[in-house]
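J.: Encoded as structure tokens, here's the structure I'll be asking about.
The values are calculated or read from the model by the stated rules, or taken from the named source; none is laboratory data. Small disclaimer: the values here were computed from a predicted structure and weren't measured. Because the Cβ atoms are built from the backbone with ideal geometry, glycine has one as well, and the counts that use them run over all protein chains shown.
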Amino acid sequence: MSKKPRSRGTLLRPDQAALVFDPDGSMSLILPDLPEDAPVPAAWKLLVAIVHHLDDPNWVAAMVGGTVKPSN
């Protein structure tokens, strides 16, 4: 018999990063703490770059195609 899935959501490990979008269009960027001398993974840098450009409707439209209204 299989276990029922938990309804507590998705858990990230302490070393993972995530960009989370809510149904209302709000967004959260979750980054773990790194030691000062640790290199920042390229994928994390990409997430930060995406967040940086989300308020630019022209950039968003270029990424997803078509015309996009600003979320704010």
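J.: Among the candidates Leu47, Leu54, which residue alone is surrounded by 11 or more Cβ atoms within 10 Å (Cβ to Cβ), closer than 27 Å to Arg13 by Cβ and modelled with pLDDT under 90?
T.: Only one candidate qualifies: Leu54.
J.: Which count do you get for residues in the stretch 39-57 that are closer than 16 Å to Ser28 by Cα, outside any loop (DSSP other than H, G, I, E, B) and without any contact (Cβ under 8 Å) to a residue 24 or more places away in the chain?
T.: Number of matching residues: 6.
J.: Just to be sure I understand, how many residues within the stretch 57-72 are at pLDDT 80 or above, surrounded by 12 or more Cβ atoms within 10 Å (Cβ to Cβ) and not aliphatic (A, V, I, L, M)?
T.: So the answer is 2.
J.: Scan the stretch 25-34 residue by residue and report those that are assigned to a loop (DSSP other than H, G, I, E, B), at pLDDT 90 or above and either surrounded by fewer than 11 Cβ atoms within 10 Å (Cβ to Cβ) or touching a Lys or Arg at 6+ places or on another chain (Cβ under 9 Å) (or both).
T.: Pro32, Asp33
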